[in-house]
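Scroll down for the structure; my scribbles are underneath it.
The values are calculated or read from the model by the stated rules, or taken from the named source; none is laboratory data. From a predicted model like this one, the values you see are computed outputs, not experimental measurements. Neighbour counts run over all protein chains shown; Cβ positions are idealised from the backbone, glycine included.
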Amino acid sequence: MRWSALADALRESGALSADWEPAFRAVPRGLFVPDRIRRGGGWIDRAEQPAEWGEAVASDIPLVTRLDEDGSTPSSSSSMPTVVARMLWHLQVADGMRALDIGTGSGWTAALLARRLGAENVTTVELDPELSAAARCRLVANRLPVGTVVGDGMLGHPAGGPYDRVHVTAAVQRVPGTLIEQTVPGGVIVVPYGTAFCNGGLLRLTVADDGRSASGPFVEDVAFMWVRDQRPGSGEFEIEDVRYGPSALDPAAVAEHTDAAFAIGLRLPGLFRQEVWAGYDRFGTGRLEVWDGVSYAHCRLADRDGRHAVSQSGPRNLWDEVTAAHAWWQRQGEPGLDRFGLTVTAAGEHRVWLDQPERVIG
């Protein structure tokens with residue numbers, strides 16, 4: 001699919017708004033994606049597979065562009081064009097606004113912002129010096145010389161502020177107060193947000209008139225790579241003094257339902273989960289595991305009502321807490337993530353709410 005055809009499809013689907021369409025058509029992703037990209041489980045080299053490379057960059061899919069030192073964990077990517085278009089739409093920009101783009105990556109989103117607002121009004125921050133340098137070259141080559149900064153995006157870039165809009169391209173568990181302080185009152189911060197239980201949602205925050213807080217709803221179901229220093233870590237725990245029992249909750253209702261998992265994660269911050277095939281289990285079944293770094297629990301998917309389907313260890317009965325959080329979500333009418341929101345103060349306080357800021361949950 002050629003880029004013009006993809007832009008047509010995005011426009012027809014409603015993902016690409018009329019005000020962003022000229023920028024998308026003028027700045028195709030292929031100008032910024034590196035020559036070596038990862039699609040599925042393998043790499044595509046532009047020189048060796050030009051047709052496959054061209055098809056991939058003009059498709060509505062995310063493309064991994066860099067792996068971590070372990071050689072398996074993605075550390076940078078070119079996001080799915082639909083998601084990019086929706087995120088930029090949620091910024092609600094206007095001519096003359098100053099924008100901070102956090103997570104330069106390939107430089108494509110910075111280029112789109114520059115095309116819309118003018119390169120002189122855009123600053124982009126990237127932690128990886130090599131990625132930043134490569135993006136800077138692409139931006140200059142395409143006559144979009146935005147301000148490129150190597151640094152921790154969670155610290156923002158006060159020298160270029162204050163900003164009317166802040167656009168973050170990596171998921172956070174905590175929104176840093178520095179971003180609020182560097183955004184003008186009434187300004188907008190669009191940032192992927194998740195919990196260790198569920199990554200995640202797209203958060204649209206509006207900075208209060210006094211500049212001391214920002215508040216807003218979750219507006220899209222998205223999942224992004226984590227900001228490096230906010231990646232969930234499992235911690236260490238010992239499984240001992242195990243308590244067994246049946247489950248009143250079908251674990252599939254959590255594992256297969258994003259809205260339920262997102263709500264549980266908001267209610268139980270710091271709780272991790274994963275689905276595993278437990279071949280070492282004598283029942284040989286898949287199961288849902290949860291832990292907080294100290295306590296641990298799992299529930300087998302096959303026979304959740306069996307006497308030993310649930311195992312819990314540690315000071316907390318984590319599966320009981322998950323079951324209670326799921327029941328709470330059901331009592332609220334099984335709200336989608338767009339009914340939840342977050343208020344963050346510049347001092348770092350986070351308050352999750354349902355339907356309105358005054359209805360704090362957690």
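Here is how the numbers come out for the structure above:
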quantity	calculated
Test result for GLY348, loosely packed, with under 13 Cβ neighbours inside 10 Å, on the phi > 0 side of the Ramachandran plot and of a type outside the set (Lys, Arg)	yes
Single match in ARG46, ARG29, ARG38 (criterion: surrounded by fewer than 20 Cβ atoms within 10 Å (Cβ to Cβ) and either outside the structural domain of GLY147 (by TED's automatic domain parsing) or within 23 Å of the chain's Cα centre (by Cα) (or both))	ARG38
Candidate set from segment 289-339 (those that are touching a Pro at 6+ places or on another chain (Cβ under 8 Å) and among the acidic types (Asp, Glu)); member that is farthest from GLY265 (Cα to Cα)	ASP305
Elements of type strands (runs of 3 or more DSSP E) contained in segment 290-354, each with 2 or more residues being under 30 Å from VAL191 (Cα atoms) and under 22 Å from the mean Cα position of the chain (by Cα)	340-345, 350-354
Some residue of segment 265-284 being of a type in the set (D, E, K, R) and closer than 28 Å to LEU205 by Cα	yes
Tally of residues being in a loop (DSSP other than H, G, I, E, B), among the aromatic types (Phe, Trp, Tyr) and at pLDDT 90 or above across segment 204-254	0
Subset tally (residues that are more than 16 Å from PHE197 (Cα to Cα) and buried (at least 21 other Cβ atoms within 10 Å of the Cβ)) for segment 306-339	3
Test: SER76 is assigned to a strand (DSSP E or B) and either surrounded by fewer than 21 Cβ atoms within 10 Å (Cβ to Cβ) or in contact (Cβ under 8 Å) with a residue 24 or more places away in the chain (or both)	yes
Strands (runs of 3 or more DSSP E) fully within segment 91-155 counting 1 or more residues that are farther than 24 Å from GLY186 by Cβ	122-126, 147-150
